[in-house]
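Before any comments, here is the structure.
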Amino acid sequence: MKDQEKKRMNDSEYLNIMTYGKPTGTINVVPHPEDIIDVDPFVIATMKARINNESLENVYDLSDRAFDEIALMREKNKLKKIFGSKAQLQDAFSSIKSIKLAQEEMNFEEVDRELLSQYSFSISREKNVDEYDFYRSFLFNESLLFKSERGINMGRQHPFTILLEDYRMIHFEPIKITKEAIQMSISLQSLFKDRKLALVFDEFLTAFYKVNP
């Protein structure tokens, strides 16, 4: 008990330190100067590139500064719960119903699709990409396809060719049928009247979202 009391600092000793400074032998931690902490990441990346004899594009990218890697990894983990394999991902985009169910699952898992949409637009150098193709690249390290590369083999007579123009103009959204497209297309109107439009479109989606467009 007496030893513990010896180790304790009494009020007068504490007051003396507060008034006259730290006792001899105290380690004083000095932070790094602000100019070292706040070095532009671009400068650091440039030096790393030179040391490793790499091109700057392999080390530093605008998207690296604009997006939080931890946030992206968090979204990736959420998506992997839904799309465990490339086959599951392709199946999720193979019909109107499966796309809707996948979107509901993403909402349930609180996937930040807006963040992923912005990120995909950045890494594609502001070229429109399909949500499906981004997930293939983001989750499974596949080459990122642009929307302009999808449907290139569809002939003019194909009933869903009319959908491509609007599809390619809107970033991230999967291809879909619109009321305007039905009104402008005799083929789609005919399928709609025969109650075959959804069935035929599902068959089209299965083919459209094949690995090789």
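Below is a table of values for the structure above.
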quantity: Relative packing of peptides 108-116, 122-130 - highest average C-beta neighbours within 10 Å first; calculated: 122-130, 108-116
quantity: Dipole magnitude of the stretch 68-146 about its Cα centre (Cβ charges: Lys, Arg +1; Asp, Glu -1), debye to nearest 20; calculated: 240 debye
quantity: Over 24 Å between alpha carbons, listed pairs K76/K100; K80/K196; K80/K179; K86/K176; calculated: K80/K196; K80/K179
quantity: Fully extended contour minus Cα-Cα distance, from T206 to S85, at 0.36 nm per residue; calculated: 41.9 nm
quantity: The stretch 67-206 - percent relative contact order, Cα under 8 Å, separation 6 or more; calculated: 25 percent
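Every read-out reported here was derived from the displayed coordinates using simple, explicitly stated rules and does not represent laboratory data. Just so it is clear, the structure is predicted and the values come from calculations on it, not from any experiment. Glycine gets a Cβ as well: all are built from the backbone with ideal geometry, and neighbour counts include every protein chain shown.
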